[in-house]
Structures are given as structure tokens and as C-alpha cells.
Amino acid sequence: MLQPALPARLVDRPALTAALDAAADHEVVVVKAGHGWGKTTSVAAWAATRRACWLAVDRADTSLERLSRGLLRALRQRLPHLPAELVTTTAQGAGTVAALVCGLLDAHLDEPLVLVVDDAGLLGGDSECARLLEALCRRGPDLLRLVLVTGDELAFDPGPAAEIGSRELAFTEREIAALVDDDPAEVLARTGGWPAAVVLGGGEPAELVSAVLAAEPEQNRDVLRAIACLGTASTALCLALGFTDVRDRLPGLARRGLVSGPEWSVLEPVAEVLRRDTEDEELRVKAAVFCERTGAHAEALRHLVAVRRWDLVARLLLRRDEQIVAGGDADAVLAALEQLDVDDSRLHLVWGFALQHRGDWLGALHSYEQAGETGVRLSWRMGQLHALAGQTGAAVELFERTVFDDVASLDEVRLLSLAVGWFRETGRHDRARELAERCAEAARRCTGHAAFAWSSRAFGLLAGFDGERASFEMHYEQAVDRARRAGCRVLELTIRCERASFLVETGPARAVAEIDEVLVLGRQAGLTGHEAGCRGVRARANVRLGRFDDALRDAGQCAKDLVTKAEVHRRRGEPGQAQAFLDEALALPGTDPLVPATLARVVAGEDVRRARELAEHAVATSQVLRFREVPALLARGWVAVLAGDRDTARADAASARALAGRRGDRAGLADALQLAAATSADREALLAEAVMVWRAAGDPVGEAVAELAAARLTGVDVPRWENTLRAQGVRTDVRMADVLGACAPRSARIVVRTLGGFQVLRDGAPVPSASWQSKKARDLLKILAANRGRPVPRPQLVELLWPDDLSDRTANRLSVLLSTLRAVLSAPGLPADAEPLVADRDTVSLDLSLVDLDVAEFLDAANAALVAHRRADPAALSLLTDADELHVGEFLAEEPYEQWAVQAREEVRGRYTAVLRALVQLVRDPDQQVGYLVRMLELDPYDESAHVRLVKALRAAGRHGEARRRYQVYLEQMHEIGVRPVEPDLFGTRGSEVLRAG
């Protein structure tokens, strides 16, 4: 039989064609799907462009003789020299026919041939015809490919075979767009890509569905009806609903395209028809009971809400709201609560908890305040909210007002455990220890692994605060074990995340590994509420490991994450950006001693007096949070070095060194050794030891910094280590309170730095704050710097400096500012007629022959390099590299809103992006390309071409794990702005699958 005629309107299906081509590498391909999936048409369209012949099984006559004749006619379509006497052998049986066919094909085939057998499922298992096809499948010649098309299970065993099913036969959105005028995405959602339903377009599919369902046994229809009603159902849920043989039925239904799994759902057009006449309340309630029993609490809520069983909804929320919210379904809880008409004050607790996890802390607080008496459940939830907001004192006050029950409960144990941390953070050490003992007693009375987990966590918390490493490890290990044995995944993840937070100081690599595992376990369990906190912990750990890009990607917006971002910029030598984050963190209530300690180190290069005040405050408050003692002492010591107070620096170095060594804080120990080197005659030995400690800590940036400090002592290998640090994005010539700032080389020029932070140097030393006399003088210099030597009219300066002052006094004020600025820019050794500040009656400007202005130098270098690149000049790569090294940060990052700064900043950013793009094109080393592309994405996280090139460069460098992580970031960023990725399948899998794997 000739292959069937193709329809007049045939859509191109490249994905299906590729799937059939890949399957045809096997000797046998089975194309199996139910009614309406376009099996015959799809295979015919594919076969039309290949060397293929077609055999259709006759439903009315499946005799061996008829099939043999048809087989011969089909083969002769491509092999006309085959003899016509095959039919005479049929009396001898299928084996003889098969042997003869195979022999003939062996003799005549000189290139691959495809034989398509349509409706192969019509052949009975005991028939000679089935045995003939089975023999051809198993013993056919190497050049023969059989494609068996069937709507039912084959009655014979074809041996090893590739399968094409309804998933491959379904229309894609692009293919639907070529067939119908309606919105293709909507049609795909409505039809599931079922070709027959797509062709109907907006028509009624009921008749088609009825025909399909009529071919199914009643038991199959019952299963389909139940799954359609529920939306989705697991095999276990189907069994619980009484479908005892569902394990046998569902795979067959899936092969016919009626369901998809493993969380089974019915093909949408079929489900829509089945749902119309189904009474589902009893079914939904049974499903809800099963889901709650198996931990699928959000699914249980969905089923009960669907049938409006508000009494059962209220009871479920009072029992399971914490688990539902922790699974990322706070919105579902809030939506259910809005429909409830149940007078129970306890539901305000549920409402508040959901709002808290949605980030609406004020709304949560309002709900908690309506919950009535301050019982233990209200206290731990509301107290936790206060603590998260940095109002630990309010949490303590709430605890003191709590009314405790006579009978110990898990809520009481949890409250006591949380209160240990609140009282410890507010400096009430004895009360915190008393509450830990009380928590242990309550756990003994309450019993249960979860209660003992909270109790062990309380003692581990005390040990962590006190820096008692061994005790901390023991108690937290016990807490994790107890939570695991309790089967409480939320509690286990909470405790492990908290443990990782403490490990950041002593074992950042362990902290990262712990968080990675916690995130995976959480996603496997459907729990996402803890992820923001986990990423914040991982960000702090990555800073300790010198992985600054990873840290910035993970850091959020809470106070701790602001400090993390600031620490990244401090270590990169970008004081302006670091200070912006620290100033924001400092304004928040309940400030961590780490904030003033880090800020002191950042501002010390410009304002030593303020830095000393901040450092003293950090040391004082660290006596409450003892685990912050080391960074506080180091901050005070480094500031003292810049102030010339060697005695204080030496004492703080010794104290920090002892504490860090005892607590296993390698980063703190390495920095303490560097601080000791700054005040010791034995500098080289101390710095060499610091290098080894940084190496052991796994921080290559810290190691390179210590190497550079040592190199500056001897003058050997300085360029090598400076280049190493520049390659990591670290600036080496910034005067801050650290080892590089203390030993930074001095120059004899006037330097104005605007990239990465604003700073003015005279003779290599920062201009003291007192010299400025007013902030307006600094603003004036910034405006002049933004104009890069171009004269600025005096009226324009007046307008920019005093926009709301229309009086005549502004001209005099400008003259005063110019006098101040002239004094600031004066430096010994300049010629008598040299004037860095050029001012006449009409305009003001900087003389860039006397002032080293970094933004002007960068833009000039970038322009020259880009011109060379466009001309294909051999020197382009060197010029671009030099320009890249000159860009050390954003232009005046501390002035985010001033229009004159924004314009210059955008110009610098655009030019730097162009430089990086050119470098990516020129360099051949994938690792170098990665560095440039990462920086491009820091400037514009939505640059799609940079994302795609970065993933490809990482793969070329053999960094496949990182490539997958970056690919996930790419998909998330495109999803965030509603852009469909141009490269959605870089790893040979669907993008959504990569996201789920990530």
C-alpha cells in the first residue's frame, strides 16, 4: 500500500522530526499514542523525505497471506527487483516467510531502508502475522529500520526499540501558532497540544473526548474522572482513593496520551469534559485527609478550599499553618483566611504568621495583636518577628509578659529556646543560661525528639555566642539529629541554617556545603521559606573564601546582608560603595558590632577620629556578642596603625590573635598576624605566616593580599601580586584600615579619585576631613570632576549647589567655597604659578595637567582602546587591558541621585561595558573571558548576550558545575523581566528542568 496522502496544510515540526531521526538510529521504532494524536500523519510526513516504504495493516483481514502480499508490495516501492513469488510460501508459516524476506533484503539492500507498519497493534498475539513482524523486528537485516505505528499495546515483543509517544507528538506553541489564529499559549494550555483538539480550534471537543473515553474500560474512566476532579494525583493518592490496580492502568493511559505523570494529570480537554458531571466533595475531602497524613499540607488545603469546607479549612490551618507557610504557600493560606467566616481568635495567629513570611511585618504585627492573650504560641511567633526586625528588646519584653500553660508543650519549648538568643543578644547572660536550663526541663516534661532538638539548640546557641567551639559542635549536632528523628524537616533545616551561620567564622567552606545541602533538602521537601536566610549565610561564607561575585549574588537586603555587601567592597578596595551599605545598616535598630567595626576600617583613610570612635563602640558592644570580639579588636587595631598609635595596635593584635586561634577563626587569625606585622620588627616572618593561614582558610584573595604586603617590604614581585589582585577585581592603592592601606606607597601628586569612592590625596595621603570645612566644598569638587576639566559656568554651579536659594548671597558663598577648595588642592612642591583650580569671572574648572583625575584617565584610555579595536590595531588588546585596570568601581557611587553624577556615571558604565565586550571578543582564554563577562553582568544583570557567552565560556573552560549555576541565573533573570530566553536549551534539556535541578 502506498503511504497515505498528506493534508494540504502541514505544519513544519522540527522537534518531532529530530526525535524520529534520533529514534531511527535503532533498528525498531514504536510510535504509540491514542486517538487523535496524529501518529499516521506525523510519521507519513517524516517518511516522505526519507527512503521509506509503507505497509498498512488491514483491520478486516489480518491473514498471513494478505499481510505477506502487502509487505511485498510495500518493499517493491523502493526495491522493484524483488521477486513476486513471496506469497507461495505462506502455507509454511510466519518463520519461513520472515526468513525469505530477510534473505531477499540482505541480497538487495545496499543502503538503509525504512519500513513503516501502520496500525501494527491490530495484529493478535497468537497470529502468524504477529509472529512475522516479531521475526522481522528481531532478525531483520542491519540496513532495515522498522517503524511500528499503533494506538494500542503491541501483541508481540519487538525486542529493543525506541519509543515515540504522545509527549513527542503533542504540538508545541510555535506549531500551534502556525495552525490557528487564536493565542497559541492559550490554545496549548486548553488542549495540552493534543493535535485533534488543536485542529478543532475553539470548537467543542466533547464529541472527540466521548469517542476517546468510549474506547476505555469503565475502570479507566473512573480513574480519569477522579484525577480530573482533583487536578493532579499521585499513584499513592489514587490507591488511597480505592483504585487498587492503578499501577497497571496509569502507564497505559499515559502511553495513549490521556494522562501525564509522575504527578498524574489528565489531558486538559478530557479533564474539562469529565469535571462537568462529577460530584467531588467526598473525593476532595478524602484526598485532603490523605495529603495531610503524607505531609502534603498545602495540597490538603487546596482540596478543602475547592469544595468550600470552611470548617475543615479552619481546623487544618490551626494544625498545619506553619508547615504550609514554610513550603512557600503563604498566599494560599491568606486566600483561604479571607474566605473564612469562623469566629476563632487563634486564626489571627495563622494570619500573622502567613503575613510575616510574605514580608508584611507590619500586617503580621497587627494580626498578632488581635490574637488575644499572650500565650506561648503567640509569643514565639511575635517575638521571632521582633528579632528579625532587629528589635530584640521588644522580643524580650514580650517574653516577660507571656502567660505560660500548666502543661508543657512544644510551643513552650520553642519559645524558651528562642528567648535564650534574645536575652543573650541583649547582654543578659545569666538569664539566658537560666532559660536554657528551663528549656531543657520543659523538653523533658514535653518529651519527643522535636522538643529535645529545641533544647539542644538553646545550649548550642550559648556556646556559639561564647565562641566555645567544641560545645557548639556537640549541641548543634544533637539538635540536628533530634530534628531528623522527629521527622520535622522544617526544624532540621532551621537548625542547620543557624549552625552554618556560626560556622561562617570558623569554617566557611563547611558553611557553604551545609547551606547547599539545606537548600537541596528544602526544595526536595517543597520548603522554600528559609531560602533567603540560607543565601545570606552562604554570602557571608563566600566573602570569607574570597568568592566576591558569588557573595553579591546571594546577598539580600537585610542588615546582615548589607554588611556582607559592604565587606565585599571593602576587600575590593571600594570604600565609597562599602560606606553606602554600612551607613544604611547603621541606621537600623539593634546594630551588630560588625557594622561599626567594618565602617571604622572603611572611613579611617579619610577620617581617623571618626574611625577611632566607631572602633571603640564596636569593641564595647562586642562584649555582649562575644563572637564579634575578633573583628572589633582588629578594626580598632588597624585604625590605630593609621593614627600612629602603635601600642594600641600591638595590644589589639595580640588579643585578636589569641581569641581567633582559640575559636578556630582562620581569617581572623591571618588578619591578626598582619596587624602584628604592622607594629613588629619581624614583619616578614609574620606576613609569611599570614600567607599560610590564608591558604589554609581557602581564601586566595587574602593570600594574595598578604603576599603583596610582603612583596612591598622587599620590593620583589610587587607587580606580580598587584596584577593577581587586579585580576580578582581588587584595588591595591586605597588607603583604608588594613594591611594594604598601612603599607600603600605614597606619591607626590594631587589625586582625585571618583571611581569606587570619592577621595582626594595630597602627597599620597588623604586630605583630612577638617580641611574641607563644609560638605559643599566636596560637592563642588565632585561637580568639577564630573565635567573632567571642562569649564563650568558659575551660575550653573550655584544652581547645582543651592537649587532652592534665590538670594544674592550665593555668589559670595561660591567664592568662599572656591577659596576652601583651592586650599584643599594646594600641595607642597607645585610651581608658584601652578593652580589646580582654574577660576575666572565666568567659569570654574580643574587643570588636569596638575590634577590626576581617575575618571578622565579611564575615559581617555577607553576611547583610545576602542578606536584601536575598531581599526583592528594589534595593540588593541593591550590598550583595552590597561583601560580595564583603570576602572576600579562606579563613578561617585555615594551620589546615586544627583543628575550631574548620574550622567557621568552612565557614560563611564557604557564605556566600560564596551571595553569588556571588546576584551571578550579578543581574548582566547575561556577563563579570562569568564572574568570579563562576570563584570559585564555586574553592570547589567539583564544583558542576555553576556549571560549566554558566560555559560559557553565556562563550559569551554571545563567548569561545568559553575556553567550550570550561571545558566540557572540566566533563566531566572530573563524570567524576572518577562523575556523568553534566546538560548533556552544550552544543556540539551528543557530550561525548566535545569531550573528545578538547580
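The values are calculated or read from the model by the stated rules, or taken from the named source; none is laboratory data. As the structure is a prediction and not an experimental result, all values here were calculated from the model. Here the Cβ is made from the backbone with ideal geometry for all residues, glycine too, and neighbour counts use every protein chain on show.
A few notes on this one:
- Candidates Arg482, Arg424, filtered to the one that is within 23 Å of His386 (Cα to Cα) and buried (at least 24 other Cβ atoms within 10 Å of the Cβ): Arg424
- Listed by first and then second residue, the pairs with beta-carbon distance under 8 Å, at least 6 apart or on different chains, first residue in region 529-552 and farther than 17 Å from Ile495 by Cα, second charged (D, E, K, R) and not in a helix (DSSP H, G or I), are Arg544/Asp699; Leu545/Asp699; Gly546/Asp699; Phe548/Arg572.
Okay, residues lined up against (1) in contact with a helix residue (DSSP H, G or I) (Cβ under 7 Å, 6 or more places away or on another chain); (2) crowded, with 24+ Cβ neighbours inside 10 Å:
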residue: Gln384; (1), (2): yes, no
residue: Gly393; (1), (2): no, no
residue: His429; (1), (2): no, no
residue: Leu435; (1), (2): yes, yes
residue: Glu441; (1), (2): no, no
residue: Gly448; (1), (2): yes, no
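- Matching entry among Leu491, Leu586 (being surrounded by fewer than 24 Cβ atoms within 10 Å (Cβ to Cβ) and aliphatic (A, V, I, L, M)): Leu586
- Among (1) buried (at least 19 other Cβ atoms within 10 Å of the Cβ); (2) of a type in the set (Gly, Ala, Ser); (3) within 23 Å of Ala883 (Cβ to Cβ), the one test that Ala709 misses: (3)
To keep it simple, each residue is scored yes or no on (1) outside any loop (DSSP other than H, G, I, E, B); (2) in contact with a helix residue (DSSP H, G or I) (Cβ under 6 Å, 6 or more places away or on another chain).
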position	(1), (2)
Ala532	yes, no
Gly536	yes, yes
Val543	yes, yes
Gly556	no, yes
Gly576	yes, no
Gln579	yes, yes
Glu584	yes, yes
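- The condition of being closer than 30 Å to Gly193 by Cα, at pLDDT 85 or above and not in a strand (DSSP E or B) holds for Ala287.
- Here the condition is being closer than 30 Å to Val270 by Cα, among the small types (Gly, Ala, Ser) and over 43 Å from the mean Cα position of the chain (by Cα); of Ala56, Ala19, it holds for Ala56 alone.
- Qualifying residue in region 468-477 (condition: surrounded by fewer than 22 Cβ atoms within 10 Å (Cβ to Cβ), out of contact with any helix residue (DSSP H, G or I) (no Cβ under 9 Å at 6 or more places or on another chain), in a helix (DSSP H, G or I) and outside the structural domain of Arg662 (by TED's automatic domain parsing)): no
- Counted residues, region 851-902 - those being in a loop (DSSP other than H, G, I, E, B) and under 32 Å from the mean Cα position of the chain (by Cα): 10
- Residue check, Tyr967 aromatic (Phe, Trp, Tyr), within 28 Å of Asp516 (Cα to Cα) and either outside the structural domain of Arg980 (by TED's automatic domain parsing) or in a helix (DSSP H, G or I) (or both): yes
- Residue that is surrounded by the fewest Cβ atoms within 10 Å (Cβ to Cβ), among those in region 775-832 that are of a type in the set (Lys, Arg) and farther than 25 Å from Gly576 by Cα: Arg809
- The residues on offer are Val705, Val701, Val734, and the sole one that is outside any helix (DSSP H, G or I) and in the same structural domain as Ala578 (by TED's automatic domain parsing) is Val734.
- Pairs where the first residue, in region 730-745, is farther than 17 Å from Thr679 by Cα and the second is of a type in the set (A, V, I, L, M) and modelled with pLDDT of 85 or more, C-beta under 7 Å, 6+ apart: Val730/Val701; Arg731/Val888; Thr732/Leu708; Thr732/Leu725; Thr732/Leu740
- Residues in region 643-676 that are within 36 Å of the chain's Cα centre (by Cα), surrounded by fewer than 24 Cβ atoms within 10 Å (Cβ to Cβ) and not in a helix (DSSP H, G or I): Gly664 only.
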